[in-house]
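What follows is a single structure, written as structure tokens, with notes after it.
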Amino acid sequence: MRRWGVLGVLCLSLMLLGVDQTVLNVALPGMQRELRLGSAQLQWVVGAHMLALAAGVLAAGNWGDRRGRRTALLVGLTVCGLASVLGALAVGAGGIIAARALMGAGAAFIMPSTLSIVVEVFTDAGRQRLAITAWATVAGAGVLVGPVLGGWLLEYYSWQSCFWVNVPLVAVALVGVVLLVPPCRQDAAPAADPVGLLLSCAGLFAVVWALIQAPARGWSDATVMTAAVVGLALLVALIRWERRARAPMLPVELFRNRGYAVSAAALSLLFFTLVGSTFVLTFYLQGLRRMSPVEAGSTMLLGGAGVALGGLLSAAGARWTRPRGVLVTGMVLCGCAFVLLAGTTTDTAMGRLHAFLVVVGLGVGLAGGPATSLIMRAVPTEKAGIGAGMNDAVRSLGSTSGVAAIGSVFNTVYSARMSATADGTTEAAPGAARDHFLRAVSEAEHLVATATEGDTAHRLHHLEQARRLVEDAEHAFVVALQTTSWACAGVCFAGACLVLMTLPAERRTTATPGPPTPVPPAAVRHGAGK
């Protein structure tokens with residue numbers, strides 16, 4: 001029973017990270033009004049966490065393999081707790097973004113250590129698949145549970161509470177790790193590779209920075225393009241170095257395994273659409289639908305329920321179904337969900353959005369487990385930390401590029417529609433109205449407030465301007481939402497085709513139990529077999 005207690009502690013730590021990624025989403029409208037943040041700053045509040053996670057996860061996974069995965073988990077939880085305190089005490093956008101980046105650095109130690117510990121503790125193939133499916137389900141559900149918790153906190157407290165809530169959660173997780181999790185250190189882990197660590201951190205940082213910054217600066221901006229090219233060049237140099245290194249940090253040969261490479265690509269595409277669309281939906285619910293934070297969070301909970309149901313179905317059928325079929329089914333369901341979302345209009349019934357959240361959650365839950373299992377199955381035990389780091393890196397790259405790319409498409413379409421229809425509707429700072437929907441609403445509120453001055457004709461003119469501005473902004477928002485939804489649907493269907501055509505089919509696993517898998521001496525020595 002102890003191993004299931006270990007899984008519970010690891011899932012609690014992972015849930016904390018999923019919540020951290022999205023708990024501030026429902027707070028963004030309030031933060032925008034209170035701190036006067038622009039669209040780029042809002043994306044950085046979300047993206048800084050993912051940037052630091054993606055840039056450091058490979059290095060953290062290697063460090064955990066060498067120094068101890070439980071130690072890495074304790075370090076990551078401690079850093080997240082301290083960063084949460086700093087974020088709660090921050091008074092400006094710079095401090096908040098810095099705290100989010102530090103939380104991402106802590107997450108870089110937590111994510112690979114949790115998955116690699118799962119692989120080491122659960123040595124039986126069937127139980128390992130079940131444990132990995134539970135891990136993947138929690139990872140997906142956490143992204144959608146975050147807005148629920150954030151909405152409840154904002155109903156009674158300020159946005160700072162979204163940081164403070166992490167402190168007791170971190171404390172509980174730390175106690176659980178100390179009491180239940182075995183050391184899980186691999187004596188045969190690869191030696192330190194300073195050059196590989198430097199190239200991976202710098203390359204991932206540059207690429208992800210370019211993806212996040214592109215919506216604000218433009219995809220053709222010289223600085224963005226330079227950062228992207230430099231980052232890609234560093235990653236190419238990393239691959240060349242790792243092929244020749246005596247003790248390579250990154251198992252490049254794993255990408256020759258089609259199961260590993262295709263599953264990693266599918267996982268990245270899933271989180272590309274899930275996190276990117278979650279970022280946009282926050283403003284749809286609280287902006288266009290005028291929901292309170294707790295109402296918006298409760299609505300997003302339907303997606304978390306869908307992920308949980310999908311994970312349960314995936315786990316239940318793991319012994320009788322082929323991973324490829326489950327993975328394709330999950331991605332097709334996600335694509336269908338985005339087609340449903342693409343039909344949204346300004347007066348669409350909420351039932352359509354509810355159906356979208358349930359179906360997209362179901363798809364993510366179904367696909368996440370098989371993809372993660374296939375990735376970890378291709379990784380040697382002594383490199384489980386690096387394998388888990390690669391798994392987390394592709395998730396983070398997908399999430400970050402989703403916020404950047406989907407946010408960029410959305411902002412581009414919204415601004416273009418506002419430029420085409422809103423000229424002359426407002427005399428005060430029209431650029432602000434075109435930058436973000438909430439700023440257009442603020443402009444309209446300002447026009448209504450000033451309508452109390454002057455003669456009747458002047459007041460009516462201001463009221464008419466405000467009405468037209470809100471209508472134009474709502475229409476532009478819906479068109480942008482429809483465009484991004486179709487783009488997400490295309491990504492999901494393309495991913496399903498990729499998996500169907502390139503992922504090798506596996507034999508169906510029967511329900512007949514085989515001989516028990518012997519527990520390795522290392523697992524017995526660390527108490528994992530208890």
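The values are calculated or read from the model by the stated rules, or taken from the named source; none is laboratory data. Note that this is a predicted model, so its numbers are computed, not measured. Heads up, the Cβs are rebuilt from the backbone with ideal geometry, glycines too, and the neighbour counts pull from every protein chain shown. Note: areas computed on protein heavy atoms with side chains; ligands, DNA, RNA excluded. Shrake-Rupley method; radii C 1.70, N 1.55, O 1.52, S 1.80 Å.
Quick notes on this structure:
- Whichever residue in the stretch 150-167 is in contact with a Pro (Cβ under 8 Å, 6 or more places away or on another chain) and more than 18 Å from L16 (Cβ to Cβ) and, among such residues, is most open to solvent (accessible area, probe 1.4 Å): E155
- Residues of the stretch 341-365 that are more than 24 Å from the chain's Cα centre (by Cα), open to solvent by 50 Å² or more (accessible area, probe 1.4 Å) and of a type in the set (A, V, I, L, M, F, W, C): A349 alone.
- All conditions in (1) more than 29 Å from R3 (Cβ to Cβ); (2) at pLDDT 80 or above; (3) among the small types (G, A, S) hold for G106, with the sole exception of (1).
- Boolean, L198 is at pLDDT 75 or above, surrounded by fewer than 22 Cβ atoms within 10 Å (Cβ to Cβ) and in a helix (DSSP H, G or I): yes
- Residues in the stretch 284-307 that are open to solvent by 10 Å² or more (accessible area, probe 1.4 Å), assigned to a helix (DSSP H, G or I), closer than 20 Å to S158 by Cβ and not aliphatic (A, V, I, L, M): Q286, P293, E295, S298.
- Of residues in the stretch 60-72 being assigned to a helix (DSSP H, G or I) and surrounded by fewer than 24 Cβ atoms within 10 Å (Cβ to Cβ), the one modelled with the highest pLDDT: T71
- Of the residues making up the stretch 321-334, one or more are farther than 30 Å from G61 by Cα, in a helix (DSSP H, G or I) and of a type in the set (S, T, N, Q).
- Evaluation of L115 against the conditions (1) out of contact with any Phe, Trp or Tyr (no Cβ under 7 Å at 6 or more places or on another chain); (2) over 26 Å from A27 (Cα atoms) shows that the sole unmet condition is (1).
- Selection within the stretch 206-238 - at pLDDT below 75, part of a loop (DSSP other than H, G, I, E, B) and open to solvent by 40 Å² or more (accessible area, probe 1.4 Å): W219
- Hey, G87 in contact with a Lys or Arg (Cβ under 8 Å, 6 or more places away or on another chain) and not aromatic (F, W, Y) or not: yes
- Sole exception among (1) closer than 17 Å to L374 by Cα; (2) over 22 Å from the mean Cα position of the chain (by Cα); (3) buried (at least 19 other Cβ atoms within 10 Å of the Cβ) for T133, by number: (2)
- Out of V45, V57, V75, V6, sole residue that is open to solvent by 20 Å² or more (accessible area, probe 1.4 Å) and assigned to a helix (DSSP H, G or I): V75
- Residue count for the stretch 248-283, restricted to those that are more than 29 Å from T329 (Cβ to Cβ), open to solvent by 10 Å² or more (accessible area, probe 1.4 Å) and either of a type outside the set (A, V, I, L, M, F, W, C) or outside any helix (DSSP H, G or I) (or both): 3
- Within the stretch 194-205, the set of residues being under 24 Å from I406 (Cβ atoms) and out of contact with any Ser or Thr (no Cβ under 9 Å at 6 or more places or on another chain) comprises G203, F205.
- Filter result for R100 (modelled with pLDDT of 85 or more, basic (K, R) and open to solvent by less than 40 Å² (accessible area, probe 1.4 Å)): yes
- In the stretch 305-332, the residues that are at pLDDT below 75 and either charged (D, E, K, R) or under 15 Å from P147 (Cα atoms) (or both): R319
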